[in-house]
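Here the structure is laid out as structure tokens; the discussion comes afterwards.
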Amino acid sequence: GYIWARTIPCQNPACEAEIPLMRQFWLVRKEKKKIALYPYIVGNKVKFKIVGDGYDEMPDNFDPSKGTVSKAFVECPVCGSTIDANTTRKLFKECKSGEKIISVVLQKHGIKGKIYRLATERDVKKVEEAKKCLIEKRLELIKKREVDFLPDEDLPPKNTLGFRVQRYGILKWGDLFNARQRLALVCFTEAVREAHAAMLGQGYKEEYAKAVASYLALGVTRVVDYFNSLCIWDNTQERTVHVFGRQALPMVWDYSELNPLSSTVGSWESMFHRRILTVVKMLTALPSKLSFEGNSVHVKRASATTLPYPDEYFDAVFTDPPYYDNVPYSYLSDFFYVWLKRCIGHLYPELFKWHLTPKQEEIVVYNNREGGKKGGKIFFESMLQRAFKEMARVLKPQGIATIVYTHKTTEGWETLIRALIDAGLVPTASWPIDTEMKVRLRAKESAALASSIYFVCRKLKQQDLGWIDEVQEEIKEYLPRRLEMLWKEGLSGADYLISAFGAAIEIFGKYRRVLDNEGNEVPISALLDYVRQVVTDHAVRQILHNGLAGELSPLTKFYLLWRWAYKERALQFDDARKLAQTAGVDLEREWNRGFIQKDKNLIRLLGPQERKRDDLEDAKELIDVLHKVVKLWSDGRRHLIPQTLYQTGNHTNDAFFRVAQAIAETLPMESKERKLLEGFLGSRASFYFDKTHGMQREMDFDGSEE
């Protein structure tokens, strides 16, 4: 394969170097193998050499983790000048950007592992040949098939949920591929059509030939997932990562182009022979193992809001509905649709009659619907309710409906719960099930959830009214028992908090409406806020090993909960506000405090290593004092720690050290904050107090008194 970098010209008139845009320079970053691209300057040109294990020695002052671009902000490695994000986007839109091959990834027979070399003139020449060949191939196929095999359909409008590439001048679906990738995929697409025609020419039955062509087309779309200019190089596994590491198409600066004719993950051999054929073999063997009448499976495509089945038809219904505004399903489907349409659209005219996938009836909250976000929310709620009512209609009286859901926001949960209650589906059990890959990109960089909640619902007669005092008492009695069980099962963090929603819905889902003492209907959001309070109090006690929770101030409790639930990740303001609220903190009043940082609509909590010394000078709040002493320990001013602890009353405060230990335990091993906390706690024995004379002393680590 090949490692590419997009390029832009330096905007310093005295420099004008071609800047390779690279997030970082690692090729391999494993415990026992480290290899990187080392940039160096010749005149005003950026050159590279390969350094690390088996190559030139890694320079001492070189950090491969620091690239030339971060969030569209670019630093020129030649002159050191910077380019802001708006200018970067402008250069792309004005077609002043480029791209170049930086290095090549190789694998040789008889040699274990991958080897690397820099790109050569021959590599560049091959790309130029592919560009010429692509022009010829497209003209040939347009003349032969009267259709352009390169997707020229427009990408979604700018600011569509999950899409960021349009602001860089990438406007067509075909723009997501470099010239060689386009040529290869056009050839793959033509080959599917040729295979179908050849089978018919050799006397195969029409349906058989159609089925085989369909499987071949699915194989092509599996390759497309790994074969585009938005795939990154995973330096920990030494392989190309498919584009949908998360449900979005963000901009990628340096990308990996794999060889689709190799045997690597993402190639035709890998995707078709190991994936598609394996599934086909399993499915064709399935009917003989089934015992139901007819030994066959019937698949129908229909809208969930108008199911083509009679009343009380099914014993069970299982559905995984759209997650409110999380995923732009249909827009992302177009990524595959444009290639499938060219491969087999002529075989399924009824399925590929649209220019792109239909979106008008999709049950997702989109901003681009009539009425904006508010209109999208109203549409989602009404359509989800209709879908659940249809499920209840086709379900037998003793049947079970299982509904899978997960969402971080109260807004999303409120919509789901209201739709279930209105449809007459009463949750009788709920279980968090680990459904997400821990290594996926989204989980690494955001507060993503690892578990989904599985609701078991039945068609039970609901009670018309519930009173808030009684419902809260039921929740308060039932929820801790469920939470205790979930804790013992190993659930923690955000998944633990969200699982509490599932358990609580079993209580208030029994009532069509819950009223307060004055007869007003209590909104579901208020019930969920109460659930948050119960679960956060329970969680703090568990984090601190059932001790001292009542001694913590709201701010310290908030910090502890955040680190436990979300580690060092950022949260949307509304999600952060709700977490703060349950801990007794008014985030809108406190967001400019030292450890709470607001950046547009995102909130993150700063660790001690990020705090400024001046902000901690008069620290009194427990979490601020903890940050201060950890910073003193880190800065080598450890002789001031006993005095700080003594003056703030924390020298004999067991809660202080238990909070420090608890925060450290919640963070990942590689966290800098964890390492600082563990270092401070590890030296605790060296601090003692002379209670007789009220003096603070520090024992040096060699046992002498300082």
Query raised in the report: Which Cys residues of the chain have no other Cys Cβ less than 4.7 Å away and so no disulfide-compatible partner by this rule?
Result: C95, C133, C187, C231, C343, C457
Query raised in the report: Of K300/K578; K158/K374; K96/K125; K158/K377, which sit over 30 Å apart, Cα to Cα?
Result: K300/K578
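Trypsin sites (Lys or Arg not before Pro), restricted to segment 80-159: which are DSSP loop and have at most 14 other Cβ atoms within 10 Å? Walk me through the numbers before you get to the answer.
Working: sites: R89, K90, K93, K96, K100, K108, K112, K114, R117, R122, K125, K126, K131, K132, K137, R138, K143, K144, R145, K158; in loops: K96, K108, K112, K114, K158.
Here the sparse-neighbourhood loop sites are K96, K108, K112, K158.
Only loop residues by DSSP count here, and only those with at most 12 other Cβ atoms within 10 Å; note down the trypsin sites (Lys or Arg not before Pro) in segment 178-225 that meet that.
Working: sites: R180, R182, R193, K205, K210, R222; in loops: K205.
Within segment 178-225, the qualifying trypsin sites (Lys or Arg not before Pro) (loop, at most 12 other Cβ atoms within 10 Å) are K205.
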Requested in this report: Among the lysines, select those whose C-alpha is under 26 Å from the C-alpha of K461, and discard any that sit fewer than 8 residues away in the same chain.
Outcome: K389, K396, K476, K510
Query raised in the report: What shape does segment 568-671 have by the C-alpha gyration tensor, where a ≥ b ≥ c are the square roots of the eigenvalues, rounded means a/c under 1.5, and otherwise prolate means a/b greater than b/c and oblate the rest?
Result: prolate
Report task. With log10 I(q)/I(0) by the Debye sum over Cα atoms at q = 0.07, 0.12 Å⁻¹ in mind, check (1) -0.64, -1.47; (2) -0.70, -1.40; (3) -0.50, -1.27 and report the label derived from this structure. Result -> (1)
Report task. With a ≥ b ≥ c taken as the square roots of the eigenvalues of the C-alpha gyration tensor of segment 295-368, please select rounded if a/c is under 1.5 and otherwise prolate if a/b is larger than b/c or oblate if it is not? Result -> oblate
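At 222 nm, what value in deg cm²/dmol follows for the chain if DSSP H runs of at least 4 each add -39500 (n - 2.57) and the sum is divided by all its residues, to the nearest 500? Please list the in-between numbers first.
Values: 19 runs with 273 residues, N = 706.
Calculated from helices alone, the mean residue ellipticity at 222 nm is -12500 deg cm²/dmol.
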Query raised in the report: By per-residue mean of other Cβ atoms within 10 Å, what is the highest-first order of 412-422, 495-505, 28-38?
Result: 495-505, 412-422, 28-38
**Report entry** Debye intensity ratio I(q)/I(0), log10, segment 156-262, q values 0.10, 0.17, 0.19, 0.24 Å⁻¹ (C-alpha model)
**Finding:** -0.38, -0.87, -0.98, -1.27
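I'd like the carbon and sulfur percentage of the solvent accessible area for the chain, probe radius 1.4 Å, heavy atoms only, ligands and nucleic acids excluded. Working shown, then result.
Values: 17950 of 35530 Å².
The value for the chain is 51 percent carbon and sulfur by accessible area.
Can you tell me the accessible area per residue over segment 207-319, all protein chains present, probe 1.4 angstrom, in square angstrom? Spell out each step's value before the answer.
Numbers: 6080 Å² over 113 residues.
On a per-residue basis, 54 Å².
Nearest 5 is fine: what % of DSSP beta bridges in the chain come out antiparallel, could you say?
Values: 62 of 73 bridges.
Beta bridges within the chain, antiparallel portion: roughly 85 percent.
Taking every pair of distinct Cα atoms and averaging 1/r, then inverting, what Kirkwood hydrodynamic radius in Å comes out for segment 223-332?
The Cα-based Kirkwood calculation yields 18.0 Å.
Please go through segment 538-635 and write out the GluC sites (Glu not before Pro) that DSSP classes as loop and that have at most 13 other C-beta atoms within 10 Å. Before the final figure, lay out the partial values.
Values: sites: E551, E568, E588, E590, E610, E617, E621; in loops: E568, E617, E621.
Within segment 538-635, the qualifying GluC sites (Glu not before Pro) (loop, at most 13 other Cβ atoms within 10 Å) are E617.
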Report task. Please report how far the C-alpha centroid of segment 63-136 lies from that of segment 604-622, rounded to the nearest whole angstrom. Result -> 41 Å
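The values are calculated or read from the model by the stated rules, or taken from the named source; none is laboratory data. Model, not experiment: these values are computed from the prediction. Note that each Cβ is placed from the backbone with ideal geometry, even for glycine, and that neighbours are counted across all protein chains shown. Keep in mind that these areas ignore ligands, DNA and RNA; they rest on the heavy atoms of the full protein, side chains included. Shrake-Rupley method; radii C 1.70, N 1.55, O 1.52, S 1.80 Å.
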